[in-house]
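This report refers to the structure that appears directly beneath it.
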Amino acid sequence: SGGEKTKGAVNVDANPASAPDVLHDLDVLPWPFRDGDFDTAIMYDLIEHLAKPIKAIEEAWRILSPGGLLRIRTPSFQHENSWIDLTHLHHLHPKSLDYFDPETEMGAKYSYYTTRKFRILRCYPDVHGNLNWLMEKR
């Protein structure tokens, strides 16, 4: 959660200085939640920091209830914010998460990348240079 906590949510961070509700490194699997615990999972300014983003999205799928929503925000690969932060391991394109949606070209062609499927409801840039996804667990 870093410095941007979501009110009413269970905020998770590996850094105790951010005073999270749950202290946990999200690169360590499984996450400390039960299957289907949440209707919504929010990964704002996170995915670009994780060593294995596919595994993290699969883990988000696990903790979401059927039809649950996953919200992801990350700096666009085209924006300088993606490249300035030395802790960013990944730089995402609007189609980077298509592998999770079998209705997209990449999701159909590379369906073997993951068995955890989502429907991408929306992917849009914002005025701050971020990409935002809204995905529904299938």
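Projected onto its three principal axes, the C-alpha set of region 58-136 covers 35, 26, 22 Å, listed from the longest axis down.
Cα extents for region 37-91 along the principal axes, largest to smallest and rounded to whole angstrom: 36, 17, 12. Within 14 Å, Cβ to Cβ, of T115, how many net charges do the neighbouring residues add up to if Lys/Arg are +1 and Asp/Glu are -1? Cβ neighbours under 14 Å give a net charge of +3. Over all distinct Cα-Cα pairs of region 1-73, the Kirkwood formula returns a hydrodynamic radius of 12.4 Å. Computed from label points 7 Å out along Cα-Cβ, the spacing between L89 and A108 is 3.2 nm. Average accessible surface for region 1-118: 58 Å² per residue, computed with a 1.4 Å probe over protein heavy atoms with every protein chain in place. A straight chain from V28 to R71 at 0.36 nm per residue would run longer than the Cα-Cα distance by 13.5 nm.
If you count Lys pairs in the chain whose Cα atoms are under 22 Å apart, skipping same-chain pairs closer than 8 places in sequence, the total is 14. Database remark: amide H of S65 closer than 5 angstrom to the amide H of F38, D39 (H placed geometrically; neighbours at sequence offset of 5 or more, or on other chains; Pro and chain starts carry no H). Taking 0.36 nm per residue of sequence separation and removing the Cα-Cα distance, the I54/T40 pair yields an extension gain of 3.3 nm.
Here the spin labels are modelled as points 7 Å beyond Cα on the Cα-Cβ line, and at V10 and L134 they lie 2.4 nm apart. Residues whose amide H comes within less than 5 Å of that of M43, counting only those at least five positions distant or on another chain, are R71, I72, R73 (H built at 1.01 Å from N in the peptide plane). If I compute solvent accessible area with a 1.4 Å probe over the protein chains, what percent of it on region 31-74 is carbon and sulfur? For region 31-74, the apolar C and S fraction of the accessible surface comes to 53 percent. Using R0 = 25 Å, the C-beta based FRET efficiency linking D126 and A17 works out to 0.40. Couplings 3J(HN,Hα) of region 26-35, computed from phi: 6, 7, 9, 10, x, 6, x, 9, 7, 4 Hz, in residue order, whole Hz [Karplus 6.51 cos²θ - 1.76 cosθ + 1.60, θ = phi - 60°; x for Gly and Pro]. Compared with the rule-of-thumb size 2.2 N^0.38 Å for a compact globular protein, the chain has a Cα radius of gyration ratio of 1.01.
The values are calculated or read from the model by the stated rules, or taken from the named source; none is laboratory data. Here the structure is a predicted model, which means the values were calculated and not measured. No Cβ is skipped: glycine too gets one built from the backbone with ideal geometry, and neighbour counts run over all protein chains shown. The accessibility values were calculated without ligands, DNA or RNA, using every heavy atom of the protein model including side chains. Shrake-Rupley method; radii C 1.70, N 1.55, O 1.52, S 1.80 Å.
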